[in-house]
């Protein structure tokens with residue numbers, strides 16, 4: 001098996017932290033703003049287990065992922081448990097330039 005590829009991005013988002021968290025933590029809505037994600041479906045009996053489909057440039061990949069860490073309004077991490085081996089996450093911090101809450 002190959003090695004993991006690491007990729008990270010840092011960006012400043014001019015929006016309230018609770019709104020940013022609401023967008024990132026709504027995994028089923030991700031296909032609306034991440035064009036290569038075709039679908040994300042949360043398992044009805046396990047809200048930490050999701051079924052993903054990625055479709056890009058004629059390829060389609062499928063995997064199940066489990067949320068491995070959730071810190072409200074700060075971090076969300078996941079790792080595949082079947083299908084395409086993948087893992088990812090997002091973390092947010094309040095910018096020192098941001099207006100007080």
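Side notes on the structure shown:
- Residues that are modelled with pLDDT of 90 or more and closer than 30 Å to residue 95 by Cβ are absent from the stretch 8-16.
- Verdict on residue 31 being free of Cβ contacts under 8 Å to residues at least 40 places away in the same chain and surrounded by 12 or more Cβ atoms within 10 Å (Cβ to Cβ): yes
The values are calculated or read from the model by the stated rules, or taken from the named source; none is laboratory data. Treat the numbers as computed from the prediction; the structure is a model and nothing was measured. Please note: Cβ atoms are built from the backbone with ideal geometry, for glycine as well, and neighbour counts cover all protein chains shown.
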